[in-house]
Amino acid sequence: MSKLAQEILLKGGNPPIVEFLKRPKTLFELLNVQKLKAYKYKVQPIQWYRKGFEGCYYEVHRTKYKLFNDQPTHGNAWAILFWRGKPAFHPPKEVKGGLKFAWQTYRSPEADGIVYDEKLAASIEKRRFFLLKGYYTGMQDVTD
């Protein structure tokens, strides 16, 4: 067993990767995980999500990392702000608060498809029932 594994087991703590995943991330820590895929990556401060701002996010177009303790956790990012689904400005501007706030990947409620409409679900289920009933009665007629 490696020394790192022994230390973790003796201390009773979590591995470093679990600790990293649990804590809130700065903008640059979040974008660094994406590496080259950070172009047009959608992020938002966690505060916006908690306050219920829908359709509000930054679309990152350029990043420039600075090393801090040999890790690219600082830097500059340029992005377009989308407010209520519409761009607030077109040429990308520098994002302020990249180290100050906790950030997360933007997840659109429409894209997730989590909107549940009870009437629509009932009508789909009713249609499905009649289609299956007609299908099975039709099959029985053919086999008789």
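Extending 7 Å from Cα along the Cβ direction at Lys96 and again at Asn76 yields two label points whose distance is 1.6 nm. Accessible area per residue was computed with a 1.4 Å probe on protein heavy atoms; Ile124 scores about 90 Å². Under 5 Å between amide hydrogens, built in the peptide plane, is the criterion, and for Tyr106 it picks out Lys42, Val43, Gln44 among residues at least 5 positions away or on other chains. Computed from label points 7 Å out along Cα-Cβ, the spacing between Gln104 and Tyr39 is 2.8 nm. For the residue pairs Lys51/Lys100; Lys25/Lys93; Lys3/Lys25; Lys22/Lys86; Lys51/Lys119; Lys3/Lys64, alpha carbon separations beyond 26 Å are given by Lys3/Lys25; Lys22/Lys86; Lys51/Lys119; Lys3/Lys64. Residue ranking by accessible heavy-atom surface, 1.4 Å probe, largest first, among Phe53, Phe82, Phe68, Phe28 comes out as Phe68, Phe53, Phe82, Phe28.
Using a 1.4 angstrom probe on the protein heavy atoms only, could you order Arg127, Arg23, Arg50 from most to least accessible area?
Largest accessible area first, the list is Arg50, Arg127, Arg23.
Going by accessible surface with a 1.4 Å probe and the largest first, His74, His90 read His90, His74.
The values are calculated or read from the model by the stated rules, or taken from the named source; none is laboratory data. Just so it is clear, the structure is predicted and the values come from calculations on it, not from any experiment. Note that we place each Cβ from the backbone using ideal geometry, even for glycine, and neighbour counts take in every protein chain shown. Please note that ligands, DNA and RNA were not included when accessible areas were found on the heavy atoms of the full protein model with its side chains. Shrake-Rupley method; radii C 1.70, N 1.55, O 1.52, S 1.80 Å.
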